[in-house]
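Q: A single structure is presented below for examination.
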Amino acid sequence: MTTWTEHTSDRPITLSASSGIDRAAHHRLDEAWLAAAWSHPTTRVLVVSGGQAMVEDMPDGSTELVLLPTFEAPVSETHRYFLGTDEAGVSFFALQQDSLPGRMDAAARPAGLREVGSLLSQRDAGLLVHAVALENWQRLHRFCSRCGERTVIAAAGHVRRCQACGAEHYPRTDPAVIMLVTDGEDRALLGRQVHWPEGRFSTLAGFVEPGESIEQAVVRETAEEAGVSVGEVEYVASQPWPFPSSLMLGFTARATSSHIEVDGEEIQEARWFSREDLRTAMETGVVLPPSGISIAARLIELWYGKPLPAGPGR
C-alpha cells in the first residue's frame, strides 16, 4: 500500500479522518435507550435538508455545525437518525426536514459538504457525512425493492423495513475507484470531464461494476475513459463521498501505454503532465485543480511531492 509522504501525512484526507464519534450500533434497536438519549440535556441534533445543514463561520476562519439541543429541534420522530456518541458521552442525532430552521440568535447559514467539508473539524465533518448519507438513502429508498410496498424506518435510521413482505433494506454504498495514473516518464495522467469548466483537470474515476474487483475497475476505467492500458495497481486510501452514496477507493496505477484516446462521453480531454508542466499550468491558471475536498487532490499531491501550487489570485 502506498503511504503518505511527509507533506501529506499530517493532513488527513477530508471526510476520511477519525471523527471521534462512536456510532454505537448496539443502541440502534434499543428504543428505551434512544428515548432516554434524546431526552438528555447534553444531546445535540443536526438538522439536514437536501444535503445541507446550518453552519456558522468562526473568527479563526473555521466553520462549525449548528448543533441544537433537543428542546430547540423541530418535532419529528419519523425521520430521526442516531449518529453516535462522543468520548464525553454526548449523543448526536440527525433530523431530516423539508427545510432548514432559521436561527435568530446566530449568524448561521445553510451549506453542504462540498462547500464546507474542508473547513469543519473532524468531528463535525464526520457527523455531516453520516447524516447526509442517511438522508440521501432515506429519500431515495422509500419503497421495497422486493414487493413494491412502502417501507418504514427502523434501527434509528439505518434500516428500512417492509411491513408487507418482511424484507429489510440497508443503506446503499456504491464503490468507485479513483486513480492517479503515471507513465514510464513519471508523468501524471489527468482528464477533464465534459461538464467541467474549461481548464478543470483531475484524476480519472469510475464505478466498480458487478462481478469486478476494484483493481480490475481501475484498469477498465482507465482504458475506457482515456484509452490508456494499465499494469501495476496499488491501493492508497479511501474517502466516503455521499453525493449521493459513493465510497471512493483511491489508487496509484502504472500505465503500460502512453497513447491517449478519450471516450468523448465522460472525458472531454486528457493529458500527460510532468511536474513542471503541472506547476506552470496551475500557476498561470491554465489548469484548475480538483476540489480540495476530494481525494483526487491528495492523490495528485502524492505524486507531485508537495502541496499543489496556487493559481493567480489565490
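Q: Out of the residues in the range 93-110 that are outside any strand (DSSP E or B) and in contact with a strand residue (DSSP E or B) (Cβ under 7 Å, 6 or more places away or on another chain), which is modelled with the lowest pLDDT?
A: Here the residue is ARG103.
Q: Follow-up. Looking at the range 197-213 only, could you name the residues that are in contact (Cβ under 8 Å) with a residue 12 or more places away in the chain and either surrounded by 15 or more Cβ atoms within 10 Å (Cβ to Cβ) or of a type in the set (Gly, Ala, Ser) (or both)?
A: Hits for the range 197-213 are GLY199, ARG200, PHE201, SER202, THR203, LEU204, ALA205, GLY206, VAL208.
Q: Further, regarding this structure: Looking at GLY112, GLY166, GLY184 in this structure, which one is under 30 Å from ALA223 (Cα atoms), out of contact with any Leu (no Cβ under 6 Å at 6 or more places or on another chain) and not charged (D, E, K, R)? Don't jump to the end; show me each part of the working.
A: Numbers: GLY112 fails: under 30 Å from ALA223 (Cα atoms); GLY166 fails: under 30 Å from ALA223 (Cα atoms).
When all the criteria are applied, what remains is GLY184.
Q: Would a scan of the range 43-56 turn up a residue that is in a loop (DSSP other than H, G, I, E, B), more than 22 Å from the chain's Cα centre (by Cα), modelled with pLDDT of 95 or more and in the same structural domain as LEU127 (by TED's automatic domain parsing)?
A: There is at least one residue in the range 43-56 that is in a loop (DSSP other than H, G, I, E, B), more than 22 Å from the chain's Cα centre (by Cα), modelled with pLDDT of 95 or more and in the same structural domain as LEU127 (by TED's automatic domain parsing).
Q: Among the residues of the range 219-246, write down those that are surrounded by 16 or more Cβ atoms within 10 Å (Cβ to Cβ), hydrophobic (A, V, I, L, M, F, W, C) and closer than 20 Å to LEU128 by Cα.
A: Residue satisfying the conditions is TRP241 alone.
Residue-wise test of (1) more than 30 Å from GLN122 (Cβ to Cβ); (2) in contact with a helix residue (DSSP H, G or I) (Cβ under 9 Å, 6 or more places away or on another chain); (3) of a type in the set (Ser, Thr, Tyr).
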{"site": "ALA188", "(1), (2), (3)": "no, yes, no"}
{"site": "THR203", "(1), (2), (3)": "no, yes, yes"}
{"site": "VAL208", "(1), (2), (3)": "no, yes, no"}
{"site": "ALA217", "(1), (2), (3)": "no, no, no"}
{"site": "TYR235", "(1), (2), (3)": "no, yes, yes"}
{"site": "PHE243", "(1), (2), (3)": "no, yes, no"}
{"site": "HIS259", "(1), (2), (3)": "yes, no, no"}
{"site": "GLU269", "(1), (2), (3)": "yes, no, no"}
{"site": "MET282", "(1), (2), (3)": "no, no, no"}
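Q: Okay, moving on. Checking LEU128 against (1) touching a Pro at 6+ places or on another chain (Cβ under 8 Å); (2) crowded, with 23+ Cβ neighbours inside 10 Å, which test does it fail?
A: With (1) touching a Pro at 6+ places or on another chain (Cβ under 8 Å); (2) crowded, with 23+ Cβ neighbours inside 10 Å applied to LEU128, the lone miss is (1).
Q: Continuing with this model, one more query. Tell me, which residue of the range 104-144 that is among the small types (Gly, Ala, Ser) and more than 16 Å from LEU46 (Cβ to Cβ) is farthest from the chain's Cα centre (by Cα)?
A: The qualifying residue farthest from the chain's Cα centre (by Cα) is ALA107.
Q: For the condition farther than 26 Å from PRO175 by Cα and of a type in the set (Ser, Thr, Tyr), what is the one hit in SER294, SER274? Show your work before the answer.
A: Numbers: SER294 fails: farther than 26 Å from PRO175 by Cα.
Just one listed residue meets the conditions, SER274.
Q: If you check THR63, THR78, which single one turns out to be out of contact with any Lys or Arg (no Cβ under 9 Å at 6 or more places or on another chain) and under 17 Å from GLY126 (Cα atoms)?
A: THR63
Q: If you don't mind, another one. If I filter the range 180-196 for residues that are assigned to a loop (DSSP other than H, G, I, E, B), aromatic (Phe, Trp, Tyr) and buried (at least 16 other Cβ atoms within 10 Å of the Cβ), do I get at least one hit?
A: Scanning the range 180-196, I find at least one residue that is assigned to a loop (DSSP other than H, G, I, E, B), aromatic (Phe, Trp, Tyr) and buried (at least 16 other Cβ atoms within 10 Å of the Cβ), so the answer is yes.
Q: Quick test for you: out of GLN193, GLN163, pick the one residue that is among the polar types (S, T, N, Q), touching an Asp or Glu at 6+ places or on another chain (Cβ under 8 Å) and closer than 30 Å to LEU29 by Cβ.
A: On the way: GLN193 fails: closer than 30 Å to LEU29 by Cβ.
On inspection, the qualifying residue turns out to be GLN163.
Q: Next question, about the same structure. Looking only at the range 258-296, which residues are charged (D, E, K, R) and closer than 22 Å to ALA223 by Cβ?
A: Matches in the range 258-296: GLU261, ASP263, GLU265, GLU266, GLU269, ARG271.
Q: Collect the residues in the range 145-172 that are within 28 Å of the chain's Cα centre (by Cα), more than 23 Å from LEU46 (Cβ to Cβ) and part of a loop (DSSP other than H, G, I, E, B), keeping them in residue-number order.
A: Within the range 145-172, just SER145 meets the criteria.
Q: Further question on the same structure: Mind telling me which of the residues VAL152, VAL233 ends up being over 21 Å from GLU265 (Cβ atoms), of a type outside the set (Asp, Glu) and in contact with a Cys (Cβ under 9 Å, 6 or more places away or on another chain)?
A: The unique qualifying residue is VAL152.
The values are calculated or read from the model by the stated rules, or taken from the named source; none is laboratory data. In this text the structure is predicted, and so the values were computed from the model without any measurement. Cβ: placed from backbone, ideal geometry, glycine included. Neighbour counts: every protein chain shown.
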